[in-house]
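Asks: To start, I am sharing the structure in question, which I have written as structure tokens.
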Amino acid sequence: MSARHLAVLISLLFVSIPFSHVSADEVESNDLICDSEVVNAGQEIECTLDLSTMQGVSALRFEYFQEGREIEDISVLSLGTSHSCSILDNGSAICWGRDNEEQLGDGGGNSYHQRPEASIISPDDSTFQAIYAANYRTCALTSSGSLYCWGDNTEGQAGDGTTNRYSNPVMPADIPQNRTIVTAGVGWRHTCAILDDGSLMCWGKDSSGALGNGQDETSSQYSPVNVELPANRNLVDVGVGYDNTCVLFDDGGIMCWGKDNEGQNGDGGSNLPTSSPGSNVALPEERSAVSLSVGAQHSCAVLDNASLVCWGWNGYGTIGDNTTTNAHVPVFVEFPNGAKVVDVDAGIHHTCAVLENQTVNCWGRNWMRTVGGEGPYSKNTKILLPRHVEGTSSVVKVETSERHTCTLAENGTISCWGQGDQGALGVGTCCGDYSYPVQLDWSTLPFAPLSGPAPLGEWVSSPMRGQVESPIQGKWNFSVSVPESAQLGNYSVEITMLKIGGIRTTVVLENVIEIIGVDSDRDGIIDAEDAFPSDSTETSDIDSDGVGDNSDAFPDDPTETLDSDSDGVGDNSDAFPNNAGETTDSDGDGVGDNTDAYPYDATRINPSSPLVMYAPVGGLIALLLIVIALRMVTRRPVEDKPQKKSRWNMKNPDRKF
């Protein structure tokens, strides 16, 4: 079972209503039209689903998903020894059954709950998105990434630095500041969690090295400690057993450490305990694992060809290979030819798997009818091969414990079988054991009606999913913002339609969009091709001058970016950047060449000015006028002027005539 399907089922839990499949002629791929089939991470996806020919749809939910593994393994149903827990549609949690260690989380009282009754609210006001039960304890992961545990805490397995026993969520596990938990593995006496940075931390009992923090420290750890993992391998999931721990990597490999006396580490080694990750589980040649389940002293993995392998303790036939011999390396579970496995849960003394046809097979110890089916059952009854559980259909998830088994159907209903005298089956009565699935009793659950429209509740927060309640003429418009962290590749969309009368129908439309890159500034150009990935106004820089082409007045010239006077010459080259009439000053005299009559002579005055041209002439004229004026001032009057004697008028005695 993929994490995607389990995440979708959060919206379906605890709604006991009819369910129908959608045939191909009701909703087809061409009914969904998106504004683009190729998008970038960081962009919006706008799509319209035409359901105008389908009557009675009151609301729909949608989720884009990518085929393959995700880092988180959402757990919405989990079982302890004598109690059961699940996540409700509104993001709260609920547990029922035995409460001897206050594992029901309802505030105490140690009373049995024969059916689901009291919901559990996160103390930090966020919703719960996953729940994990084991033995007499429970942990729940919030949407904010905090893990709260309650019930048995004798070894500090709550991770809050104490051994206090809580009757409801009080203190989260004490992980490093600014870190969040993505998924967790919860065992009898220890707990492990994958953090948002891909690291692994464990806490609780460490006598056999299950915490993976090295052989120098074997005492119980009340707060999380780091586990050193091989470099360049990314975690997908973590599982916790009695005294060992296993992890699944994204390369399909598995690694286990801790107690190995029954071969539960699966590496074919010496059976000595190991206190840190070291060797890989010896999976079949050329095969990789796609999911992992760790039981008390055995583990199982679904492989990439939908076959199933198990290893470890096999005293009651828990491995399913038709023997009771322990397996120190994985061996194939003997299913009928052609059977394909989609989900598995390795329990305490028995194992169950969901097949591709959505039925359940179980094998191992049939104490209290945990394996299910007719026939003998007792403390020592062994079912060595997978056996079909009558009454299972449309199952998407199976969970096992020491004394009971439960399934989750695709319509959100939960059915259980096994021990019935401690309330873990949730059927509302006491005290018989059941060998066939019995649906939970919802008569006291106010938010899960037996019939009528399915409540929408709170759709778990995710950027790639949403819900729509108001169509326009039969057309449902929905949009999501693709996170920048989204994986690249093809995405399909799963659409769940809620019909009037409480009927749900679901359809998957494959490969509707392709995410080809990250677009941080949402300008339509992926970051890898965007010269300015944080600036939505710029995408290219042809001349590599650091200025985007849209802002660069000279996008092909790395030496110029501005032209303040719009004269076609860049400011760096323009001697007059704010004068559109001038661009150069060849002689450096401060006068532009267009204005300078002597553009190459800085010493000459420009005669083009009339004042300059006529200044010399004016000076001469002025000097002449001054001289004339002086003459006129110094001239004598006529009467004062002495008479001029002419030589012709003088009497000259010597003149002959």
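The values are calculated or read from the model by the stated rules, or taken from the named source; none is laboratory data. Small disclaimer: the values here were computed from a predicted structure and weren't measured. FYI the Cβ positions are ideal-geometry reconstructions off the backbone, even for glycines, and counts take in every protein chain you see. The area values use the complete protein model at the heavy-atom level, side chains included, leaving out ligands, DNA and RNA. Shrake-Rupley method; radii C 1.70, N 1.55, O 1.52, S 1.80 Å.
Asks: Check THR138, THR142 and return the single one that is β-branched (Val, Ile, Thr), out of contact with any Ser or Thr (no Cβ under 7 Å at 6 or more places or on another chain) and open to solvent by less than 10 Å² (accessible area, probe 1.4 Å). Break it down into steps so the answer makes sense when it comes.
Replies: Values: THR142 fails: out of contact with any Ser or Thr (no Cβ under 7 Å at 6 or more places or on another chain).
That would be THR138, the only listed residue that is β-branched (Val, Ile, Thr), out of contact with any Ser or Thr (no Cβ under 7 Å at 6 or more places or on another chain) and open to solvent by less than 10 Å² (accessible area, probe 1.4 Å).
Asks: Ok, one more. Of all the residues that make up region 239-258, how many are open to solvent by 10 Å² or more (accessible area, probe 1.4 Å) and under 13 Å from HIS328 (Cβ atoms)?
Replies: Summing the residues that are open to solvent by 10 Å² or more (accessible area, probe 1.4 Å) and under 13 Å from HIS328 (Cβ atoms) in region 239-258 gives 0.
Asks: Sort out which residues of region 56-108 are among the charged types (D, E, K, R), under 24 Å from ASN234 (Cβ atoms) and either at pLDDT 90 or above or assigned to a strand (DSSP E or B) (or both), and write them in order of number.
Replies: Of all residues in region 56-108, those among the charged types (D, E, K, R) come to 61, 63, 67, 69-70, 72-73, 89, 98-99, 101-102, 106.
Next cut, under 24 Å from ASN234 (Cβ atoms) only: 63, 67, 69-70, 72-73.
Correct list: GLU63 only.
Asks: Quick check, is VAL309 open to solvent by less than 20 Å² (accessible area, probe 1.4 Å) and touching a Gly at 6+ places or on another chain (Cβ under 7 Å)? Give the steps one after another, and end with the answer.
Replies: On the way: open to solvent by less than 20 Å² (accessible area, probe 1.4 Å): yes; touching a Gly at 6+ places or on another chain (Cβ under 7 Å): no.
So VAL309 fails the test.
Asks: Looking at ASP593, is it at pLDDT below 85, surrounded by 14 or more Cβ atoms within 10 Å (Cβ to Cβ) and within 25 Å of THR559 (Cα to Cα)? Spell out the reasoning first.
Replies: On the way: at pLDDT below 85: yes; surrounded by 14 or more Cβ atoms within 10 Å (Cβ to Cβ): yes; within 25 Å of THR559 (Cα to Cα): yes.
Yes, satisfied.
Asks: Give region 406-433 a look and list any residue that's at pLDDT 90 or above, assigned to a loop (DSSP other than H, G, I, E, B) and in contact with a helix residue (DSSP H, G or I) (Cβ under 6 Å, 6 or more places away or on another chain), or say none.
Replies: GLN419
Asks: Across region 546-585, which residue is most open to solvent (accessible area, probe 1.4 Å) among those that are of a type outside the set (A, V, I, L, M, F, W, C), modelled with pLDDT under 90 and closer than 24 Å to VAL518 by Cα?
Replies: SER551
Asks: Take the residues in region 228-283 that are among the β-branched types (Val, Ile, Thr) and over 28 Å from the mean Cα position of the chain (by Cα); name whichever of them is farthest from GLU217 (Cα to Cα).
Replies: The extreme case among them is VAL281.
Asks: Identify the single condition in (1) farther than 13 Å from GLY418 by Cβ; (2) at pLDDT 95 or above; (3) open to solvent by 10 Å² or more (accessible area, probe 1.4 Å) that ASN380 does not satisfy, given that it satisfies every other one.
Replies: With (1) farther than 13 Å from GLY418 by Cβ; (2) at pLDDT 95 or above; (3) open to solvent by 10 Å² or more (accessible area, probe 1.4 Å) applied to ASN380, the lone miss is (2).
Asks: On to the next question. State which residue pairs qualify: first residue part of a loop (DSSP other than H, G, I, E, B) and inside region 561-574, second residue buried (at least 18 other Cβ atoms within 10 Å of the Cβ) and among the aromatic types (Phe, Trp, Tyr) in any location, beta carbons under 6 Å apart, and separation of 6 or more residues or different chains.
Replies: GLY570/PHE554
Asks: Also, quick follow-up: So which of ARG631, ARG636 is at pLDDT below 80 and of a type outside the set (Gly, Ala, Ser)? Don't jump to the end; show me each part of the working.
Replies: Numbers: ARG631 fails: at pLDDT below 80.
Residue meeting the stated conditions: ARG636.
Asks: Need pairs with beta-carbon distance below 7 Å; first residue over 18 Å from CYS310 (Cβ atoms) and within region 227-241, second outside any strand (DSSP E or B) and of a type in the set (Asp, Glu); sequence gap 6+ or separate chains.
Replies: ARG233/ASP251; ASN234/ASP250; VAL236/ASP250
Asks: Right, another one. Among the listed residues ASP99, ASP106, ASP124, identify the single one that is open to solvent by less than 20 Å² (accessible area, probe 1.4 Å) and at negative phi.
Replies: Step by step, each of ASP99, ASP106, ASP124 is checked, and only ASP99 is open to solvent by less than 20 Å² (accessible area, probe 1.4 Å) and at negative phi.
Asks: Does ASN322 qualify as being touching a residue at least 12 places away in the same chain (Cβ under 8 Å), open to solvent by 30 Å² or more (accessible area, probe 1.4 Å), at positive phi and in a loop (DSSP other than H, G, I, E, B)? Explain how you work it out, then say what you get.
Replies: Working: touching a residue at least 12 places away in the same chain (Cβ under 8 Å): yes; open to solvent by 30 Å² or more (accessible area, probe 1.4 Å): yes; at positive phi: yes; in a loop (DSSP other than H, G, I, E, B): yes.
Taking the combined requirement at face value, the residue satisfies it.
Asks: Can you name the residue in region 339-390 that is small (Gly, Ala, Ser) and within 37 Å of the chain's Cα centre (by Cα) and is also farthest from THR324 (Cα to Cα) among such residues? I'd like the intermediate steps shown before the answer.
Replies: Step one: of region 339-390, the residues small (Gly, Ala, Ser) are 339, 346-347, 353, 364, 372-373, 375, 378.
If we keep only those that are within 37 Å of the chain's Cα centre (by Cα) as well, we get 339, 346-347, 353.
Values: ALA339: 22, ALA346: 16, GLY347: 16, ALA353: 19 Å.
Out of the qualifying residues, it is ALA339.
Asks: Any chance region 597-605 includes a residue that's open to solvent by 40 Å² or more (accessible area, probe 1.4 Å) and either aromatic (Phe, Trp, Tyr) or not in a loop (DSSP other than H, G, I, E, B) (or both)? Walk me through how you get there before you give the answer.
Replies: Let us first name the residues in region 597-605 that are open to solvent by 40 Å² or more (accessible area, probe 1.4 Å), namely 597-598, 600-605.
Then keep just the ones that are either aromatic (Phe, Trp, Tyr) or not in a loop (DSSP other than H, G, I, E, B) (or both); that gives 598, 600.
So far as region 597-605 goes, yes, one or more of its residues are open to solvent by 40 Å² or more (accessible area, probe 1.4 Å) and either aromatic (Phe, Trp, Tyr) or not in a loop (DSSP other than H, G, I, E, B) (or both).
Asks: Give me the pairs, please: first residue somewhere in region 179-198 and crowded, with 21+ Cβ neighbours inside 10 Å, second residue anywhere and of a type in the set (Phe, Trp, Tyr), beta-carbon distance under 6 Å, and either six or more positions apart or on two chains.
Replies: What qualifies is ALA184/TYR132; VAL186/TYR132; TRP188/TYR242; THR191/TRP203.
Asks: Condition (residue is touching an Asp or Glu at 6+ places or on another chain (Cβ under 9 Å) and modelled with pLDDT under 95) applied to region 291-298: is it met by at least one residue?
Replies: Initially, region 291-298 is screened for residues touching an Asp or Glu at 6+ places or on another chain (Cβ under 9 Å), giving 291-293, 295-298.
Applying the additional criterion that residues be modelled with pLDDT under 95 yields 291.
Yes, there is a match, as at least one residue in region 291-298 is touching an Asp or Glu at 6+ places or on another chain (Cβ under 9 Å) and modelled with pLDDT under 95.
Asks: Scan (1) within 20 Å of THR392 (Cβ to Cβ); (2) surrounded by 24 or more Cβ atoms within 10 Å (Cβ to Cβ); (3) touching a Ser or Thr at 6+ places or on another chain (Cβ under 8 Å) for the single condition HIS298 breaks and write down its number.
Replies: Here HIS298 clears every test but (1).
Asks: Condition first: touching a residue at least 24 places away in the same chain (Cβ under 8 Å) and part of a strand (DSSP E or B). Can you find one or more residues in region 116-126 that meet it?
Replies: Yes: one or more hits.
Asks: Determine which member of the set SER223, SER276, SER270 is part of a strand (DSSP E or B), open to solvent by 30 Å² or more (accessible area, probe 1.4 Å) and small (Gly, Ala, Ser).
Replies: SER223
Asks: In the set GLU510, GLU529, which member is surrounded by fewer than 17 Cβ atoms within 10 Å (Cβ to Cβ) and either closer than 30 Å to GLU494 by Cα or in contact (Cβ under 8 Å) with a residue 24 or more places away in the chain (or both)? Give the steps one after another, and end with the answer.
Replies: Values: GLU529 fails: either closer than 30 Å to GLU494 by Cα or in contact (Cβ under 8 Å) with a residue 24 or more places away in the chain (or both).
Step by step, each of GLU510, GLU529 is checked, and only GLU510 is surrounded by fewer than 17 Cβ atoms within 10 Å (Cβ to Cβ) and either closer than 30 Å to GLU494 by Cα or in contact (Cβ under 8 Å) with a residue 24 or more places away in the chain (or both).
Asks: Specify which of the listed residues (GLY161, GLY151) is crowded, with 24+ Cβ neighbours inside 10 Å, at pLDDT 95 or above and on the phi > 0 side of the Ramachandran plot. If you could, list the steps in order and put the result at the bottom.
Replies: Working: GLY161 fails: crowded, with 24+ Cβ neighbours inside 10 Å.
Just one listed residue meets the conditions, GLY151.
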